[in-house]
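Please treat every number below as a calculation from the coordinates, not as lab data. No experiment lies behind these values; they were computed from the predicted model shown. For neighbour counting, all protein chains shown are included, and Cβ atoms are generated from backbone atoms with ideal geometry for every residue, glycine included.
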């Protein structure tokens, strides 16, 4: 299977620098599962194929780590958890990308493709930084969610705002448009997914704010006010 061969090739290239069986397993699993997921996840038969490839990945990884220091009977359960985590991560990445594209399409639907692409790029590039920044936030869970949304909104919209032509700024970045955008990102209709970091949600993935969450509009007004003040300087 070509997906496994990618993992084996990667493992062979890095074999001299790997220090533990976990590193060896992670190298093989990440490369193999990445190739499989992004090639097949859009196909109608994907769920069944995922169920079939997981035990194959586990079996091959188990054979590969037999001679690695520290590997033992308990390693099998660790391998299973590694595989599940990889596929959860890929699914979250795909859901994130789909949610961003859908949110921009709904909020900026009448604008030209070039503008929408800039907004999408900004949202994608600024998301990891906002996820990292919120780790230092204090207070209860909702306060941390507010801190994340404010940071991601500021970073992504500032980047987008500076990327479009001056005469387009007020049209593109209206309060109404940005409020709808972040409602669609945080609480998309017809989906249980949210672009919030997993750590800010409940273990079962629930706990996102409601669609009519007032904080989003407040954060948008705060952002627009800052832009207006900066324009007067």
Check your understanding: Using 0.36 nm per residue, how much length does the chain from residue 97 to residue 20 gain when fully extended, once their Cα-Cα distance is taken away?
Key -> 24.4 nm
Study note, to complete from the structure: With -39,500 (n - 2.57) per DSSP H segment of 4 or more residues and division by the full residue count of the chain, the 222 nm estimate, nearest 500 deg cm²/dmol, is -24000 deg cm²/dmol
Study note, to complete from the structure: Quick calc: nm separation of the 7 Å Cα→Cβ label points for residue 140 and residue 206 -> 1.8
Review point. In degrees between 0 and 90, to the nearest 10, how far off the longest principal axis of the chain does helix 214-232 point, with axes built from Cα atoms?
Key: 60
Review point. What length, rounded to one decimal in nm, is gained on full extension from residue 221 through to residue 45, with 0.36 nm per residue of separation minus their alpha-carbon distance?
Key: 58.8 nm
Revision key, fill the gap. Rounded to whole angstroms and listed largest first, the alpha-carbon spread of the stretch 135-233 along its three principal axes comes to 45, 31, 21
Check your understanding: Could you state the number of Å between the C-alpha centres of the stretch 1-72 and the stretch 166-233?
Key -> 38
Exercise for review: Run the numbers on the chain and let me know its relative contact order in percent, using alpha-carbon pairs under 8 Å that are six or more apart.
Suggested key: 15
Review point. Fewest first, what order do 107, 5 take by the number of other Cβ atoms within 10 Å?
Key: 5, 107
Revision key, fill the gap. Given 20 °C, 1.002 mPa s and a Kirkwood radius over Cα pairs, the Stokes-Einstein diffusion coefficient of the stretch 14-134 in µm²/s is 127
Check your understanding: So what's the angle, to the nearest 10 degrees on a 0 to 90 scale, between helix 2-14 and the longest Cα principal axis of the chain?
Key -> 80
Point to revise | Candidates 93, 151, 167, ranked by Gaussian network fluctuation over the chain, Cα under 10 Å, top entry | key: 167
**Study point:** Residue order, fewest to most surrounding Cβ atoms within 10 angstrom, among 23, 192
**Key:** 192, 23
Study note, to complete from the structure: Computed over the stretch 2-89, the relative contact order (Cα-Cα under 8 Å, seq sep at least six) in percent reads 35
Review point. Tell me, in nm to one decimal, what length is gained between residue 171 and residue 132 on full extension, where the rule is 0.36 nm per residue of separation less the Cα-Cα distance?
Key: 10.9 nm
Exercise for review: Mind giving me the FRET efficiency for residue 158 and residue 84? R0 is 30 Å, r the Cβ-Cβ distance, nearest 0.05 is fine.
Suggested key: 0.20
Revision key, fill the gap. Most fluctuating of 68, 131, 184 in the GNM of the chain (C-alpha, under 10 Å) is 68
Review point. Given 10 Å bins starting at zero, what is the percent of C-alpha pairs of the chain in each, up to the one with the largest pair distance?
Key: 7, 27, 26, 22, 14, 5, 0
Check your understanding: Taking neighbour Cβ counts within 10 Å as the exposure measure, how do 62, 213, 38, 21 sort from fewest upward?
Key -> 38, 62, 213, 21
Review point. Which value in nm describes the separation of the simple spin-label points at residue 67 and residue 9, placed 7 Å from the Cα toward the beta carbon?
Key: 2.3
**Study point:** Mean separation of Cα contacts under 8 Å, 6 or more apart, over the residue count of the stretch 111-232: relative contact order %
**Key:** 24
